[in-house]
There are 4 protein chains.
Amino acid sequence: MTQKRLFICDYSEGAHPAILERMAQTNMRQSVGYGEDEFCARAREMIVDACGGGDLDVHFLVGGTQTNATAIASILKPYQGVVCAESGHINVHETGAIEHSGHKVLALPSGDSKLTAEQIDSCFAGHYNDCNHEHMVQPGMVYISFPTELGMLYSKAELQAISAVCRKWEAPLYIDGARMGYGLASPQCDVTLKDLTELADLFYIGGTKQGALFGEALVICNPALRKNFRYFIKQNGGMLAKGRLLGLQFETLFEDGLYFRLASSAVTKAMAIRDAFKAAGFSMLVDSPTNQQFPVLPQAVIDRLAEHFGYEFWQDAGDGMSAVRFCTSWATTDEAVNELIDAIRKL
Amino acid sequence: MTQKRLFICDYSEGAHPAILERMAQTNMRQSVGYGEDEFCARAREMIVDACGGGDLDVHFLVGGTQTNATAIASILKPYQGVVCAESGHINVHETGAIEHSGHKVLALPSGDSKLTAEQIDSCFAGHYNDCNHEHMVQPGMVYISFPTELGMLYSKAELQAISAVCRKWEAPLYIDGARMGYGLASPQCDVTLKDLTELADLFYIGGTKQGALFGEALVICNPALRKNFRYFIKQNGGMLAKGRLLGLQFETLFEDGLYFRLASSAVTKAMAIRDAFKAAGFSMLVDSPTNQQFPVLPQAVIDRLAEHFGYEFWQDAGDGMSAVRFCTSWATTDEAVNELIDAIRKL
Amino acid sequence: MTQKRLFICDYSEGAHPAILERMAQTNMRQSVGYGEDEFCARAREMIVDACGGGDLDVHFLVGGTQTNATAIASILKPYQGVVCAESGHINVHETGAIEHSGHKVLALPSGDSKLTAEQIDSCFAGHYNDCNHEHMVQPGMVYISFPTELGMLYSKAELQAISAVCRKWEAPLYIDGARMGYGLASPQCDVTLKDLTELADLFYIGGTKQGALFGEALVICNPALRKNFRYFIKQNGGMLAKGRLLGLQFETLFEDGLYFRLASSAVTKAMAIRDAFKAAGFSMLVDSPTNQQFPVLPQAVIDRLAEHFGYEFWQDAGDGMSAVRFCTSWATTDEAVNELIDAIRKL
Amino acid sequence: MTQKRLFICDYSEGAHPAILERMAQTNMRQSVGYGEDEFCARAREMIVDACGGGDLDVHFLVGGTQTNATAIASILKPYQGVVCAESGHINVHETGAIEHSGHKVLALPSGDSKLTAEQIDSCFAGHYNDCNHEHMVQPGMVYISFPTELGMLYSKAELQAISAVCRKWEAPLYIDGARMGYGLASPQCDVTLKDLTELADLFYIGGTKQGALFGEALVICNPALRKNFRYFIKQNGGMLAKGRLLGLQFETLFEDGLYFRLASSAVTKAMAIRDAFKAAGFSMLVDSPTNQQFPVLPQAVIDRLAEHFGYEFWQDAGDGMSAVRFCTSWATTDEAVNELIDAIRKL
């Protein structure tokens, strides 16, 4: 029997072959360590270019939890917390890495995994209006993910409103871009990397889920947040000895737009899967325009699909229904998508 | 004009005069520091007696936030969090002291500031049933307050159920007793200190709000949680050099039941105030049987009472109404209560 | 038999009687909590006056370990450490409270418990000259104690040199003044509180060891270090509910120079004890001009003195000799000192 | 002109080609994430075999600082510190990652970068003999590196003595094996991995410096230290999404002894370089039997070698001399070594 087609997540395979090739070609070249090599230098330039140029700091870290914890710890004072949606990755799936660094995650309710500018504004206003505010954790920055954990996007107008509220309260805005490419490549997206450099104080462009073996590129837009940042990376265990591996991967992904082409292809496939579920009469947990799709299915359907396909159980949806997650990625094949769509049609 | 009568909180005055007297009498006696003196030794014995005897460790700390942070840090592993009600003091009013020590507060929703055994059980079950549980903060202990921040009490049956769930999940149960006496002295209370020693793993008996200048007595019932506890106290800045002051105060409060008499008197006064508000047609935010009362009042009434009485704004209650807090304490005079009741009647 | 005369430490008794009297007089006065009361306001003014006036922030905390941990945590970035002498209280006797807040104590060798400006300068220069400095803890501030743990004083010229080095490296200078009064009252001292406000960024004036029941007054001279400081106090468990007790004590000590009179008397007694040991042919571990004296004695002498006097073993001094500590305090009586001196003479 | 021959460190190149080949071969295979894949399973088995079999837990992490911080944080109580040599990597070159997790590094003096069993015993005895021990950081475990930061090895007898002291004090022994292979492959080594499983509580086998792109294999021998370890890895940002990459690399290195062959070759080359320096009349900072060599050279010699070779400045050695470090690695070529030896001969 053949192996199941896995749509469980977007990191089931290795890396795009171009990365492995370049790794092999440059393998015995000697370089200095810790990200101060020529590969990283080139990759930084390419990322700055992709962001529309300008004065930006770019650092490469190994993984997302580490990047989030490092970035947030570099900003907050000990008595401050980070505002995020209840569903935010830092609030749910990082084993308390943020709290481990001493900071409360100030989680706000969110049905669709997005925050609104109004919510954020209320959170800050509520804090400062409380006469006991010194007894409470001060909101010190805002974390959003783009796309969110449910694959949702913020429109440019929404980001502008959030950014304005953050600046009003002098609170840096940080965007977790673990799946940044899948967001930018969505037909629904009206935001560019250049917009993000203007609206956010820092954000990261995810590699792990988008064609790299591993690696995240953190872009620090706000000059006030750059000082001594490499100390933070080292202290948080994120300074890879052979930092060249990070540079080499981002160089490969960004030198001719590979990153965006791979993401675009994955999103197209996700849209096809979404359409198939909808055509088969199923509703979606949210209307995600990116590479993660969350159909709400009865158990019998779930069991049947499970015979040939891998997905992730997401949440109970009541009435014997469950939301499950199907992810596409840079590595998803047409064949796999077609088989899945066929199977959905035959349900 | 006379000063306002303050019902703002239960720590507006100094200490019961018996404490000041004993302090003056023993002032020039020399003793060793850090809680290893004869005063602390006697106070420990008295508290153990009040708890029905048995094998108990008693430590004295200066304040509540410190006691909570120290007790919780002594129990949790770095990857664990403490389960508590959303309204729990550690979640709201300690400037993130728990997170500062590296731990997430796992806040559960609670309309009336109490947790149920079912909620706690679901929280633990939910964690361990999640196949990604290693990516999530593990619930490691349970925090409840008795009385709660809204003055509510748990019945013995409720505490037994909570204790059973905690033991099922091998999670210590910690009770914040900042206002312990006001709870035990309530006519509605069916729990004794001895019951707490059997149901909880550790709890504290508050002094600051109940007649002492300052000081909290932490009782560690579970022998497994006692090792090296004094290191924790010192590290958290809670080891008072002149520890005798803590011993002396608890000795005074416990040697002939003063602690309970003071609490009882305060609760009686609170019940009278509650009855007055109810008789005047106002509802209460919750049905508190202890020294904190939360009438829901229109702004005009609030303003009128404010001319002569101090209280604390608690929360907006919708429709132009607000819940405000009136506290009684060991120091509340009959005169002050009578004036307040008169004023309520005249509204 | 009579109790031994204790010279073990400077916190064996309660408080100066004037404090207890004022506490009794004001006991039933109602005040707001957490240090925002009239007592604290008056004490702040008096301390600012004692410091020569000017723009200073004054906060009251309960104990020394807490004050040190709070002050240091308010200054350092996560990747920074605090430079101090190996013998510094924060390095030795606070159960790692500084490390608990995430920071390395960068301990420099010191024979006599003092740091030199040259040592500090080398420490900073060494860090920045190392091409791997991002892999090392960055020195971020300097901690000295005045007097030191061995009772030693810095001269004004020494403090000026240290202050200049700190400013050169943009590193705040913090002075632990647990025994500040005993330092200022020493005949050898050429420094005033006003000098400290100009040379240090922040320092504290100790109450616990100098006539108060407890309490330390932290003076923040550098305006850049003041923002949101009360959040730090609360988070570190140092915000006393009945903050008035701290204000009241410092008010009593500072309103007519009582603090300095008490310290001066203790130092005079210490000098008499020192002279007695020297006259009896014993050497001192260091030449302390303050209330702590460290004679180096053979075991037979130690045992003989132990029959009637309490002292603290300090350290092995080789050749069967030990250094022991004799402390005087605001509470040391002439009678006790005379008995000790007699005993030394008879050795 | 040709590029310089770099002997700066042992992580200047990519990975052994066999690793890249296997990565390419398996690239599109789908697997589950976070180290629960088949590659990791096989690599674990091979490592257990290399350790002589038995009941061992093996975890794969990305880098050394992370592995150290995670392992140490998993063992210590909040009031405990880790004993290590002053020159220990965790004390010097990890930007305070250990302190960041709340723990003091208890650094003991060491001329040659090794600790002795006597030193460790004294450290523990000194702590518990001090009557103020609750005011001090309790030593809670011991960290040694094998080889040390100066390339030194512990003999089996030395390790047995250290292990016995650790067990006497109930303090786990942790061995940092960033360069474990170079140690085991040294002709001077009389220790096996199996010995380490019996003498240490946990240790790691370094990949980054020994042929892998990155990765460290942590072996937990003591069953009491295993519980919930994966939570620690995730919280510390060390759980690689594509954990298969770690498994694949260790599988390649361990399946036919490649790891040991590569290390052996590097050590042979280091011995040749050492012999050349000695033959040329230079002394070595220490007598290292592994891949790091520290000749003490005058500046003129250093400058001359710098024309064609890369090395690392290590420390000033007085009299105008400096110790510099030359490293060999799995990737060092015969050609490079021969050129260096020729150059040394011609000095």
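Being within 14 Å of chain B (Cβ to nearest Cβ) and either within 16 Å of residue C:19 (Cα to Cα) or aliphatic (A, V, I, L, M) (or both) is the requirement here; does residue C:215 meet it? Spell out the reasoning first.
Working: within 14 Å of chain B (Cβ to nearest Cβ): yes; either within 16 Å of residue C:19 (Cα to Cα) or aliphatic (A, V, I, L, M) (or both): yes.
Yes.
Give just the number: which of (1) touching a Gly at 6+ places or on another chain (Cβ under 8 Å); (2) more than 9 Å from every other protein chain (Cβ to nearest Cβ); (3) over 30 Å from residue C:20 (Cα atoms) does residue B:90 not satisfy?
(1)
Tell me whether the stretch B:138-145 contains one or more residues that are closer than 30 Å to residue A:311 by Cβ and either surrounded by 18 or more Cβ atoms within 10 Å (Cβ to Cβ) or among the hydrophobic types (A, V, I, L, M, F, W, C) (or both).
Within the stretch B:138-145, the first condition is being closer than 30 Å to residue A:311 by Cβ, and the residues that meet it are B:138-139.
Keeping just the survivors that are either surrounded by 18 or more Cβ atoms within 10 Å (Cβ to Cβ) or among the hydrophobic types (A, V, I, L, M, F, W, C) (or both) gives B:138-139.
Yes, the conditions are met somewhere in the stretch B:138-145.
Here are D:29, D:22, D:42: which of them is more than 14 Å from every other protein chain (Cβ to nearest Cβ), surrounded by fewer than 19 Cβ atoms within 10 Å (Cβ to Cβ) and more than 17 Å from residue D:225 (Cβ to Cβ)?
Numbers: D:29 fails: more than 14 Å from every other protein chain (Cβ to nearest Cβ); D:22 fails: more than 14 Å from every other protein chain (Cβ to nearest Cβ).
Criteria check complete, one pass: D:42.
Output the residues belonging to the stretch B:312-329 that are at pLDDT 95 or above and either outside any strand (DSSP E or B) or farther than 21 Å from residue B:287 by Cα (or both).
Listed by number, the residues that qualify are B:328, B:329.
Among the residues of the stretch B:292-313 satisfying the criterion of being buried (at least 18 other Cβ atoms within 10 Å of the Cβ) and closer than 15 Å to residue B:8 by Cα, which is nearest to the other protein chains (Cβ to nearest Cβ)?
Within the stretch B:292-313, the subset buried (at least 18 other Cβ atoms within 10 Å of the Cβ) is B:292-297, B:301, B:305, B:309-311.
Filter again for closer than 15 Å to residue B:8 by Cα, leaving B:292-295, B:305, B:309-311.
Numbers: B:292: 15, B:293: 18, B:294: 16, B:295: 19, B:305: 16, B:309: 11, B:310: 8, B:311: 13 Å.
Step by step, filter the stretch B:292-313, then rank; the result is B:310.
Can you tell me how many residues in the stretch C:233-256 are surrounded by 24 or more Cβ atoms within 10 Å (Cβ to Cβ) and within 21 Å of residue C:26 (Cα to Cα)?
13
I'd like the residue in the stretch A:73-87 that is assigned to a helix (DSSP H, G or I) and within 10 Å of chain C (Cβ to nearest Cβ) and, out of all such residues, is surrounded by the fewest Cβ atoms within 10 Å (Cβ to Cβ). Lay out the reasoning, then the answer.
Taking the stretch A:73-87 and keeping what is assigned to a helix (DSSP H, G or I), we get A:73-75.
Checking the rest, the ones that are also within 10 Å of chain C (Cβ to nearest Cβ) come to A:73-74.
Details: A:73: 23, A:74: 26.
Once the filter is applied, the top-ranked residue is A:73.
For the stretch C:218-227, how many residues meet the condition of being assigned to a helix (DSSP H, G or I) and either β-branched (Val, Ile, Thr) or within 14 Å of chain B (Cβ to nearest Cβ) (or both)? Let's see the steps before the verdict.
Step one: of the stretch C:218-227, the residues assigned to a helix (DSSP H, G or I) are C:223-225.
From the residues that got through so far, the ones that are either β-branched (Val, Ile, Thr) or within 14 Å of chain B (Cβ to nearest Cβ) (or both) too are none.
Residues flagged as assigned to a helix (DSSP H, G or I) and either β-branched (Val, Ile, Thr) or within 14 Å of chain B (Cβ to nearest Cβ) (or both) within the stretch C:218-227 amount to 0.
Let me spell it out: the conditions are (1) crowded, with 19+ Cβ neighbours inside 10 Å; (2) closer than 30 Å to residue D:98 by Cβ; (3) of a type in the set (D, E, K, R), and residue A:274 meets all of them except one. Which number is the exception?
(2)
Looking only at the stretch A:330-347, which residues are outside any helix (DSSP H, G or I), touching a residue at least 60 places away in the same chain (Cβ under 8 Å) and over 22 Å from the mean Cα position of the chain (by Cα)?
Let us first name the residues in the stretch A:330-347 that are outside any helix (DSSP H, G or I), namely A:330-333, A:346-347.
This time we only want the ones that are touching a residue at least 60 places away in the same chain (Cβ under 8 Å), so: A:330-332, A:347.
Across the stretch A:330-347, the qualifying residue is only A:347.
Please name all residue pairs, on different chains or six or more residues apart, with Cβ atoms under 9 Å, provided the first residue is in the stretch A:47-72 and is facing chain D (nearest Cβ under 9 Å) and outside any helix (DSSP H, G or I) and the second residue is among the β-branched types (Val, Ile, Thr) and crowded, with 23+ Cβ neighbours inside 10 Å.
Going by the 9 Å Cβ cut-off, the qualifying pairs are A:61/A:67; A:61/A:70; A:61/A:233; A:62/A:208; A:62/D:62; A:63/A:208; A:63/D:62.
In the stretch C:1-20, which residues are more than 17 Å from the chain's Cα centre (by Cα) and part of a loop (DSSP other than H, G, I, E, B)? Full working, then the answer.
Of the stretch C:1-20, the ones more than 17 Å from the chain's Cα centre (by Cα) are C:1-7, C:13-20.
Once the filter is applied, which keeps residues that are more than 17 Å from the chain's Cα centre (by Cα) and part of a loop (DSSP other than H, G, I, E, B), the stretch C:1-20 yields C:1, C:2, C:3, C:4, C:7, C:13, C:14, C:15, C:16.
Just give me the residues in the stretch D:1-19 being touching a Cys at 6+ places or on another chain (Cβ under 6 Å) and more than 7 Å from every other protein chain (Cβ to nearest Cβ), in sequence order. I'd like the intermediate steps shown before the answer.
Kept after step one, since they are touching a Cys at 6+ places or on another chain (Cβ under 6 Å), are these residues of the stretch D:1-19: D:7, D:9-10.
Result: D:7, D:10.
Residues to consider are B:266, B:272, B:241; find the one that is of a type in the set (A, V, I, L, M, F, W, C), farther than 29 Å from residue C:66 by Cβ and over 19 Å from the mean Cα position of the chain (by Cα).
On the way: B:266 fails: over 19 Å from the mean Cα position of the chain (by Cα); B:241 fails: farther than 29 Å from residue C:66 by Cβ.
Going through B:266, B:272, B:241 in turn, the sole match is B:272.
Could you please let me know if residue B:230 is more than 21 Å from the chain's Cα centre (by Cα), within 14 Å of another protein chain (Cβ to nearest Cβ) and surrounded by fewer than 24 Cβ atoms within 10 Å (Cβ to Cβ)? Break it down stepwise before answering.
Working: more than 21 Å from the chain's Cα centre (by Cα): yes; within 14 Å of another protein chain (Cβ to nearest Cβ): yes; surrounded by fewer than 24 Cβ atoms within 10 Å (Cβ to Cβ): yes.
Here the answer is yes, as residue B:230 does meet what is asked.
Answer yes or no as to whether residue B:225 is within 17 Å of residue B:68 (Cβ to Cβ) and touching a Leu at 6+ places or on another chain (Cβ under 8 Å). Walk me through it before giving the result.
Numbers: within 17 Å of residue B:68 (Cβ to Cβ): yes; touching a Leu at 6+ places or on another chain (Cβ under 8 Å): yes.
So residue B:225 passes the test.
What about residue A:99, is it closer than 19 Å to residue B:99 by Cα, surrounded by 21 or more Cβ atoms within 10 Å (Cβ to Cβ), within 11 Å of another protein chain (Cβ to nearest Cβ) and free of Cβ contacts under 8 Å to residues at least 24 places away in the same chain?
Values: closer than 19 Å to residue B:99 by Cα: yes; surrounded by 21 or more Cβ atoms within 10 Å (Cβ to Cβ): yes; within 11 Å of another protein chain (Cβ to nearest Cβ): yes; free of Cβ contacts under 8 Å to residues at least 24 places away in the same chain: yes.
Considered against the rule, which asks whether it is closer than 19 Å to residue B:99 by Cα, surrounded by 21 or more Cβ atoms within 10 Å (Cβ to Cβ), within 11 Å of another protein chain (Cβ to nearest Cβ) and free of Cβ contacts under 8 Å to residues at least 24 places away in the same chain, residue A:99 comes out as yes.
If you check B:115, B:106, which single one turns out to be in a loop (DSSP other than H, G, I, E, B) and either more than 14 Å from chain C (Cβ to nearest Cβ) or without any contact (Cβ under 8 Å) to a residue 24 or more places away in the chain (or both)?
On the way: B:106 fails: in a loop (DSSP other than H, G, I, E, B).
Matching residue, one of B:115, B:106: B:115.
Of all residues in the stretch C:243-282, how many are in contact with a strand residue (DSSP E or B) (Cβ under 6 Å, 6 or more places away or on another chain), within 26 Å of residue C:345 (Cα to Cα) and not in a loop (DSSP other than H, G, I, E, B)?
Here is the first cut: in the stretch C:243-282, the residues in contact with a strand residue (DSSP E or B) (Cβ under 6 Å, 6 or more places away or on another chain) are C:246, C:250, C:270, C:273-274, C:277, C:282.
Next, only the ones that are within 26 Å of residue C:345 (Cα to Cα) stay: C:270, C:273-274, C:277, C:282.
Checking which are not in a loop (DSSP other than H, G, I, E, B) leaves us with C:270, C:273-274, C:277.
Total meeting the criteria: 4.
If you go through the stretch C:163-179 one residue at a time, do you hit one that is closer than 27 Å to residue C:23 by Cα and surrounded by fewer than 24 Cβ atoms within 10 Å (Cβ to Cβ)?
There is no residue in the stretch C:163-179 that is closer than 27 Å to residue C:23 by Cα and surrounded by fewer than 24 Cβ atoms within 10 Å (Cβ to Cβ).
Quick one: would you say residue B:137 is more than 30 Å from residue B:323 (Cβ to Cβ) and among the β-branched types (Val, Ile, Thr)?
On the way: more than 30 Å from residue B:323 (Cβ to Cβ): yes; among the β-branched types (Val, Ile, Thr): yes.
Answer is yes for this residue.
The values are calculated or read from the model by the stated rules, or taken from the named source; none is laboratory data. Since this is a predicted model, take the numbers as computed values, not measurements. FYI the Cβ positions are ideal-geometry reconstructions off the backbone, even for glycines, and counts take in every protein chain you see.
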